[in-house]
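The values are calculated or read from the model by the stated rules, or taken from the named source; none is laboratory data. In this text the structure is predicted, and so the values were computed from the model without any measurement. Virtual Cβ from ideal backbone geometry, glycine too; neighbours counted across all protein chains shown.
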Amino acid sequence: MNKTKRRIFNTAVEIFSKKGYDNASVEEITAIAGVAKGSLYYHFQKKEDIFDMLLEEGIKLLKNNIEIKTKNCTTALEKLKAIILVQIKVIVKYEDFLNVVFSQIWGEDNKNIKCKKAVFTYIKIIEKVIKEGIENGEFYDGDIEALASGVFGITCSSLIYRIKKNRTVDIQRIYEGFIDTVIRGISKI
């Protein structure tokens, strides 16, 4: 992605996060990014294209990080721990991305449906690991979709915690607390 497109994209994500997608205007995005309206339309046909790219890039970032971190894991337990750490790091580092996703996940508009699809696609990765852990006896049997959604939800709460504290959070401390709670709840080991 070239510098101009990256600047437009980053500015749009920040504005979407602060004001909401519907309240963000192309004029405001271009003014803050310091580019002409024509430059935005050269890179993105419409505002929704920026939103689509945000979802695509965010999910790709999560998936790539998880693939890298779980590649050498030999057990489902190790994979789940790696996923939790990656997710906390991404949530804390890319807060604006998550704000946009969470603000748009409710409803039935096209962008709401895209958000749901992106989140559910990501949760499928967690489901696969939990299923593996159940099948090989590492985890207690349970509703795989509910457990995966719970893992996603509990790690997303680190963003709420950061906002509540209004400061940077200790990722390692949050991770260890979540691991202790989550793993104790589902692990047979």
Options Glu57, Glu95: the member that is without any contact (Cβ under 8 Å) to a residue 60 or more places away in the chain, surrounded by fewer than 20 Cβ atoms within 10 Å (Cβ to Cβ) and not basic (Lys, Arg) | Glu57
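Which of the residues spanning the stretch 139-160 are more than 16 Å from the chain's Cα centre (by Cα) and surrounded by 13 or more Cβ atoms within 10 Å (Cβ to Cβ)?
Scanning the stretch 139-160 gives Phe139, Gly142, Ile144, Glu145, Leu147.
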Determine if the stretch 84-92 includes at least one residue that is out of contact with any Leu (no Cβ under 9 Å at 6 or more places or on another chain), at pLDDT 90 or above, assigned by TED's automatic domain parsing to the domain that holds Ile174 and closer than 22 Å to Thr168 by Cβ.
-> yes
What about Glu78, is it modelled with pLDDT of 90 or more, out of contact with any Gly (no Cβ under 9 Å at 6 or more places or on another chain), over 13 Å from Thr155 (Cβ atoms) and not aromatic (Phe, Trp, Tyr)?
-> yes
Checklist (1) closer than 25 Å to Lys19 by Cβ; (2) modelled with pLDDT under 90; (3) over 17 Å from the mean Cα position of the chain (by Cα) applied to Arg173, failing item | (1)
Only one of Lys111, Lys131, Lys117, Lys124 is among the basic types (Lys, Arg) and closer than 15 Å to Glu48 by Cα, namely Lys111
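For the stretch 74-189, list the helices (runs of 4 or more DSSP H) that sit wholly inside it and hold at least 1 residues that are at positive phi and not polar (S, T, N, Q); which are they? Walk me through it before giving the result.
Values: elements: 76-93, 95-104, 110-135, 144-165, 171-186.
Helices (runs of 4 or more DSSP H) meeting the threshold: none at all.
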